[in-house]
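Visitor: The structure is given below, and queries will be raised subsequently.
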Amino acid sequence: PRGRRRSSATSSARRSIARARARPSARRQRSSFATLRPAHTVAAAVIRRGNEVALVLQGAVGEEPFWGLPGGIVEQDELVPEGLAREVLEETGLSIHLPAKLGYIRQIDNLRPAQLSRHRGTGAGSGYVVTIWLFDVDSWDGEIAAQDPDGVVHEARFVPLEEAADLLRRTHWL
């Protein structure tokens, strides 16, 4: 009886997989380093009204103010949607209706010697890992106005989409 013969391409692929499993990849080594740095969760909202979107003008003392989407760091004892609702209310005065539609998730592995403060990566530190959840919010109550208890948000308003895109492009850390 004739045996089944493997193609050289299949054998070559199996040898490559075996070699990859035998040595730790750079990605896995980097991941173990990432766990040594602080990990944060950020929730932000795209709140549309017709052809406008809600933006907030923010900047801590000594910072150049910039425009951004409402949102911020989710507290340790909050679920992501709860943090989203709290941050949006604090920054815009709008009480959003949950559940909001999840639009986008992004993870950033910042290896620069910085720490993520309540407002963004600043100061000395060992870097950080952040997961950003961006939600599409289509229902809310209230009138838009900055109500930030930290005093970082100076203004909140609905901005035409083209102007909003231009303002967000100017934000140096986006």
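Taken together, the values in this text are just the output of simple stated rules run on the coordinates, not laboratory data. Model, not experiment: these values are computed from the prediction. Counting neighbours? That spans all protein chains shown, and the Cβs are built from the backbone with ideal geometry, glycine included.
Visitor: Based on the alpha-carbon gyration tensor of the stretch 126-174, what equivalent-ellipsoid semi-axes (square roots of 5 times the eigenvalues) come out, in whole Å, largest first?
Guide: Output for the stretch 126-174: semi-axes of 22, 17, 15 Å.
Visitor: At what distance in nm do the modelled label points of LEU89 and VAL61 sit from each other, each positioned 7 Å from its Cα along Cα→Cβ?
Guide: The two pseudo-label positions are separated by 2.7 nm.
Visitor: Ok, one more. Need the full-extension length gain, ALA145 to ALA39, defined as separation in residues times 0.36 nm minus the C-alpha distance. One decimal, nm.
Guide: On the way: separation 106, 0.36 × 106 = 38.16 nm, distance 3.05 nm.
Extra length from ALA145 to ALA39 when fully extended: 35.1 nm.
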